[in-house]
Amino acid sequence: MSQAEVIDSRRGPLWTFGLLRSEVATTFRRWRTLALLGVLAAVPVLVGIAVKIETSDGSSLGGGGGGGGGGPAFITQITNNGLFLVFTALAATLPFFLPMAVGVVAGDAIAGEANAGTLRYLLVAPAGRTRLLLTKYATTMAFCVVAALVVAVSALTVGALLFPLGDLTTISGTRISFAEGLARALLIALVVAASLIGVAALGLFVSTLTSSGIAAMATTVGLLITVQILDQIPQLHAIQPYFFSHYWLSFADLMREPVYWDDLIRNLGLQALYATVFGSAAWARFTTKDITA
């Protein structure tokens, strides 16, 4: 066992927590991260203002009844209850804005350090490759949670300012209290964050393949867009349930009474599978990679 490995083995949980705290603080201090969160927070504002202008003459929004697909079923209810803006904003940002933001952070996790010339110094510390990779992934997951909550809190604030709040009607037509609706909104935000763990693992794997942060981010976002397009082609219906984005909007089932769990469980299971596969691939690549920067 080398001296570096001996030193690393003596690093306790407190040191690991310190490394994670440092990574999280560094990530959320970056202007790029703050800009991404700012864009995400702006989406509910734009949606809320658009709905308010559209209904300012007393008319109601057209489209969408029923409960099948997330966005339209929620947006028609915003004028009755501002809490529905939370569900609408999450449905609007999940197909592109949220995963794109996560892809940028994940893609830059390792490649950005290599490009800046700090990766070798992190490993000399010694952080250990496995520990560093897990820390980077945990940091990306922390960003997933914060990003989803930023959208939810922004939407709740705008919804409270522009529309009435109170008891709400679920997709199934039953009434639940505002407190229960608020609890479901929080649960939905957490489910949305969990829906991004596959993208986070994919981005981390791509980040281990290159020393260019921009290339890693662009590749991750490009793969995300490609999968989204493929998921909309009817001829590929046989393989679409295996795409990480296929069950993303299943969070709408949390607004049913009783809750439909089947697609929610499929979504979380699929994300866990992607996290395992691409997380393992990232570990295999990173632990055998020659670090020159």
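Enter the accessible area of L162 (Å², nearest 10), with the probe set to 1.4 Å and all protein chains included.
50 Å²
Test of understanding: what is the full-extension gain from D262 to A215, defined as 0.36 nm times their sequence separation minus their Cα-Cα distance?
Difference between extended and current length: 13.2 nm.
Give me the percent relative contact order of the stretch 238-293, please, defined on Cα pairs under 8 angstrom at least 6 residues apart. Spell out each step's value before the answer.
Numbers: 23 pairs, mean separation 15.7, N = 56.
Relative contact order here is 28 percent.
With every protein chain present, what accessible area does D263 have (1.4 Å probe, heavy atoms only), rounded to the nearest 10 Å²?
Its heavy atoms expose roughly 50 Å² to the probe.
Largest first, what is the accessible-area ranking of W248, W31 with a 1.4 Å probe?
Ranked from most to least accessible, the order is W31, W248.
Compare S245, S177 by solvent-accessible area with a 1.4 Å probe and give them largest first, with all protein chains kept in place.
Largest to smallest exposure gives the sequence S177, S245.
The values are calculated or read from the model by the stated rules, or taken from the named source; none is laboratory data. It should be emphasised that the depicted structure is a prediction, and the values quoted were computed from it without experimental measurement. These area figures cover heavy atoms from the full protein model, side chains too; ligands, DNA and RNA do not enter into them. Shrake-Rupley method; radii C 1.70, N 1.55, O 1.52, S 1.80 Å.
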